[in-house]
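Read through the structure below, which is laid out as structure tokens, and then see the notes.
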Amino acid sequence: MDDAARSRPDRTLIVILAVLGLLVVVALVVVFTRGEPEPLDAATPEGVVQRYAAAVIDGDESAAMDLLDPEVVDSCVRLPASSAEGVRVTLVDTTLRDDTADVDVLVTTTYGDGPFGASEYDERGVFDLVLVDGDWRIESAPWQLTICDPTAVGR
Amino acid sequence: MSAATGTAAAPGGAGPGSAQGTVRRLIVFVLLFVLVTIAAIGIAGLVERLLGAARDLAVAGTADLALQLAFTLIGGPLAALLWWASWRRMADPAERGSVAWGLYLAAMGTVSLVVATSALAGTVTSLVDGRWEPEALAVAIVWALVWVWHRWMLRHPAKGPTRLATVPLVLGAAYGLVVGAGGVVVAVGAVLDAAFGTPTLAILVPDPWWYAALDGLTWAVIGGAIWWWHWVHDGVRRIPTAFAAVALVVVGVLGGAAAALAGAGTALDVGLRLAFDPADGTAAILEPLGTALAAAAVGAFVWRLHARIADAHSEATRRASRLVVAGLGLAGAASGIGVVVNAVLAAVADPLASTGTRTLLLGGISTLVVGGPTWWLAWRPTRRVDPAEAADVGRRVYLVAVFGASAVVAIVALLVVGYRLFEFVLDPVTGAALVDRIRAPLGLLVATALVFAYHFAVWRRDRVAIAEAGIATGRAIGRVVLVAPGDPSPFVRAVSEATGAPVTAWPRVPAEGETPPDVDRVVGALQGVSGRRVLVLAGPGDRVEVVPLAE
């Protein structure tokens with residue numbers, strides 16, 4: 001009885017430590033082996049949104065511009081470069097119409113760093129896309145990923 | 001008994017414990033607090049005008065001056081009048097021993113200390129920056145005088161409070177420690193930041209690094225002086241009250257350990273990110289390093305110092321200081337586990353685009369690596385727990401607190417997960433978006449489950465051990481009411497140590513030429529006595545009567 005009583009919490013502890021060790025190893029493997037997110041087909045609205053978001057996050061504004069609606073590009077008043085640091089975009093839903101499409105996304109922003117300080121919040125956002133000469137082009141993006149000032153009147 | 005009541009009764013017929021007296025004192029001291037504050041604000045404003053008169057080129061409006069005059073000329077005399085009336089009453093031991101008097105001195109003493117020292121530090125730091133601020137100096141001078149005045153009352157041999165008299169001293173020592181240690185962290189952090197070459201990049205014309213260092217140093221010197229004054233000069237380190245022990249454990253041990261662990265965790269995080277996730281740029285990653293290293297070093301010093309004092313204090317304080325550190329390490333480890341789970345799910349969720357989850361994972365791992373071993377060393381889970389320790393009140397309170405905290409976290413996390421799941425069922429989105437929304441609460445839930453499982457096993461084993469050893473949990477005596485001649489404090493201390501029960505002391509008027517009975521006799525008489533309330537009559541002579549009272 002005494003032995004059983006003594007060994008029980010020890011067994012619990014060993015199980016918990018094993019679970020923890022496994023968890024950390026799996027986390028390290030998964031996070032460090034997973035490279036870039038899987039590329040989607042560039043002919044679909046999601047594929048265009050993915051390339052655009054990746055370009056903005058990388059700070060490659062000219063690549064992002066190529067994916068915008070030419071009308072938007074013509075009247076573009078560039079926003080001061082804001083860092084899209086700690087931003088992560090997850091696909092929620094896509095609505096396809098004849099020549100327009102809406103790509104619904106979840107934009108998660110992580111702010112603060114350090115072990116105790118990191119926190120994040122998520123927000124739904126919509127990319128509006130239009131069909132330009134057979135290619136999907138972005139008309140408007142969620143504010144975290146916008147590079148042209150939407151309030152500036154085109155010149 | 002009747003003689004004691006007779007001497008203690010106030011001339012007006014309102015006895016020491018009467019509701020009328022209590023309410024009167026409460027109102028008088030609240031009023032006095034407000035009036036002293038108002039008068040001090042008014043006088044500080046006038047002194048500021050005096051100090052800064054030469055500086056003002058033009059003054060517009062007289063509203064400020066009118067307010068300061070009103071505060072000084074109305075608040076000041078009223079405060080003085082009220083103080084004089086209550087100070088005169090303090091010759092009466094019942095007034096002097098009232099809780100309201102002790103509370104008032106603790107509150108006003110602490111407030112004036114905090115205001116005076118903050119203003120003084122403000123004056124010095126602005127002088128370092130080359131600015132002369134008479135308003136801060138005026139506030140510092142006036143509130144320092146308020147503090148000196150209240151200290152004089154606190155230490156007055158005939159009228160100083162007999163209850164809660166050590167509370168302002170303990171609070172002052174705690175405040176000095178926090179401010180002083182914080183100042184050292186800022187100063188050392190600024191020096192280290194300068195050494196690593198990581199000044200803030202966003203400011204185009206940055207202050208020289210030594211501005212921040214001198215600011216920190218000012219606070220360190222002021223805080224250190226306050227701490228030394230209370231801790232060494234006033235002898236706070238030798239105050240035996242429970243409040244002093246709580247302050248020692250909470251501020252010294254827990255506060256120091258929290259600063260040390262947060263600093264060490266941040267420093268480790270910086271190191272890991274430099275090695276495995278340098279995408280953000282070295283300067284941005286190194287930014288928190290100086291302060292983190294300073295916090296780790298200063299926190300560790302404060303923690304170890306107070307842990308040693310707690311070890312020497314009493315067995316209960318020693319256990320409490322270990323348990324708070326165990327709790328802190330546990331909280332760190334659990335939140336680290338939560339973040340690691342969160343990071344795994346974030347990597348699995350397959351987003352459209354992301355800046356990567358390495359930062360998140362490395363943050364979680366550093367918290368886990370710092371919190372886990374701290375918990376292990378403080379709790380020592382592999383050690384055999386003897387039944388007496390299993391029955392210890394501190395340990396049982398700790399286990400209940402861990403259960404309670406994990407229950408609260410688990411309920412909140414579960415509600416969020418449930419909400420997102422129902423949302424998903426009612427209005428389907430992609431699976432990736434679902435995982436993204438529940439990964440943080442799910443991580444917390446997993447961590448809480450692990451914490452709960454382990455402590456549940458410990459709690460069950462403790463219960464078995466206690467039952468086998470046949471130890472009665474809880475105390476045999478609920479409360480001791482002690483009637484003793486003269487100063488009852490040695491009896492109170494001995495009885496409460498021997499029985500663990502709270503002691504209410506009713507000092508009795510000693511008979512002519514009476515010597516109080518031996519303390520050991522009183523303690524010995526309580527051996528084997530049990531009951532919710534026990535009355536002890538000590539004296540006269542060697543007579544000790546123990547009367548268990550009916551429920």
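The values are calculated or read from the model by the stated rules, or taken from the named source; none is laboratory data. No experiment lies behind these values; they were computed from the predicted model shown. Every residue, glycine among them, receives a Cβ derived from its backbone with ideal geometry; neighbour counts consider all protein chains shown.
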> Which condition breaks for B:H306 when tested against (1) surrounded by 21 or more Cβ atoms within 10 Å (Cβ to Cβ); (2) at the interface with another protein chain (Cβ under 10 Å from one of its Cβ atoms); (3) touching a residue at least 24 places away in the same chain (Cβ under 8 Å); (4) not hydroxyl-bearing (S, T, Y)?
Replying inline: (2)
> Is it true that B:P485 is assigned by TED's automatic domain parsing to the domain that holds B:D542, at pLDDT below 85 and over 29 Å from the mean Cα position of the chain (by Cα)?
Replying inline: yes
> Only one of these conditions is not met by B:V451: (1) under 30 Å from B:S335 (Cα atoms); (2) of a type in the set (A, V, I, L, M, F, W, C); (3) more than 29 Å from the chain's Cα centre (by Cα). Which number is it?
Replying inline: (3)
>> I'd like to verify a number: residues in segment B:417-445 that are basic (K, R) and closer than 23 Å to A:P37 by Cα, how many?
In response: 2
> Can you tell me which residues in segment A:1-31 are more than 7 Å from chain B (Cβ to nearest Cβ) and at pLDDT below 85?
Replying inline: A:M1, A:D2, A:D3, A:A4, A:R6, A:S7, A:D10, A:R11
> List pairs: first in segment B:271-282 and under 13 Å from A:L28 (Cβ atoms), second modelled with pLDDT under 80, Cβ under 8 Å, 6+ apart or cross-chain?
Replying inline: B:D277/B:G356
> Is at least one residue of segment B:495-502 within 14 Å of chain A (Cβ to nearest Cβ) and in contact with a Pro (Cβ under 9 Å, 6 or more places away or on another chain)?
Replying inline: no
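Here's the yes/no breakdown for (1) assigned to a helix (DSSP H, G or I); (2) among the aliphatic types (A, V, I, L, M); (3) surrounded by fewer than 16 Cβ atoms within 10 Å (Cβ to Cβ); (4) in the same structural domain as A:S119 (by TED's automatic domain parsing):
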site	(1), (2), (3), (4)
A:R11	yes, no, yes, no
A:I16	yes, yes, no, no
A:V25	yes, yes, yes, no
A:L28	yes, yes, no, no
A:P39	no, no, yes, no
A:V49	yes, yes, no, yes
A:Y52	yes, no, no, yes
A:A63	yes, yes, yes, yes
A:V73	yes, yes, yes, yes
>> Checking the condition more than 10 Å from chain A (Cβ to nearest Cβ) and not acidic (D, E), which residue from B:R439, B:R521 passes?
In response: B:R521
>> With in a helix (DSSP H, G or I), out of contact with any Lys or Arg (no Cβ under 6 Å at 6 or more places or on another chain), closer than 25 Å to A:T108 by Cα and more than 10 Å from chain A (Cβ to nearest Cβ) as the only criterion, which of B:L274, B:L293, B:L328 stands out?
In response: B:L274
>> Could you check segment B:340-376 and list, in sequence order, the residues that are more than 28 Å from the chain's Cα centre (by Cα), among the polar types (S, T, N, Q) and in a helix (DSSP H, G or I)?
In response: B:N342, B:T359
> Taking interchain pairs and intrachain pairs at least six residues apart, which have beta carbon atoms under 6 angstrom, with the first residue in segment B:514-538 and in contact (Cβ under 8 Å) with a residue 40 or more places away in the chain and the second basic (K, R) and not in a loop (DSSP other than H, G, I, E, B)?
Replying inline: B:R533/B:R479
> Given segment B:385-470, what helices (runs of 4 or more DSSP H) lie entirely inside it while holding 3 or more residues that are in contact (Cβ under 8 Å) with a residue 12 or more places away in the chain and crowded, with 20+ Cβ neighbours inside 10 Å?
Replying inline: B:393-426, B:431-469
> Looking at segment B:248-269, which of its residues are under 13 Å from the mean Cα position of the chain (by Cα) and either closer than 14 Å to B:A316 by Cα or among the β-branched types (V, I, T) (or both)?
Replying inline: B:L248, B:V249, B:V250, B:V251, B:V253
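Quick grid of which residues meet (1) in a helix (DSSP H, G or I); (2) within 14 Å of chain A (Cβ to nearest Cβ); (3) crowded, with 22+ Cβ neighbours inside 10 Å:
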| residue | (1), (2), (3) |
| --- | --- |
| B:P240 | no, no, no |
| B:V251 | yes, no, no |
| B:A320 | yes, no, yes |
| B:A333 | yes, yes, yes |
| B:G338 | yes, yes, yes |
>> Filter segment A:101-135 down to the residues that are more than 30 Å from B:P278 (Cβ to Cβ), within 14 Å of chain B (Cβ to nearest Cβ) and at pLDDT 85 or above and list them by number.
In response: A:D102, A:V103, A:D104, A:V126, A:F127, A:L129
>> Yes or no: segment B:508-521 includes at least one residue that is outside the structural domain of B:Y398 (by TED's automatic domain parsing), aliphatic (A, V, I, L, M) and assigned to a helix (DSSP H, G or I).
In response: yes
> Does B:T382 satisfy being of a type in the set (S, T, N, Q), surrounded by fewer than 22 Cβ atoms within 10 Å (Cβ to Cβ) and either within 13 Å of chain A (Cβ to nearest Cβ) or not in a helix (DSSP H, G or I) (or both)?
Replying inline: yes
>> What are the pairs with Cβ atoms under 6 angstrom where one residue, in segment A:35-61, is more than 8 Å from chain B (Cβ to nearest Cβ) and the other, located anywhere, is of a type in the set (D, E, K, R)? Sequence gap at least six, or different chains.
In response: A:G47/A:D41
>> When you check B:W375 against the structure, is it more than 11 Å from chain A (Cβ to nearest Cβ), among the aromatic types (F, W, Y) and within 27 Å of B:A245 (Cβ to Cβ), yes or no?
In response: yes
>> For segment B:511-551, give me each residue that is of a type in the set (G, A, S), under 17 Å from B:A498 (Cβ atoms) and exposed (fewer than 11 other Cβ atoms within 10 Å of the Cβ).
In response: B:G528
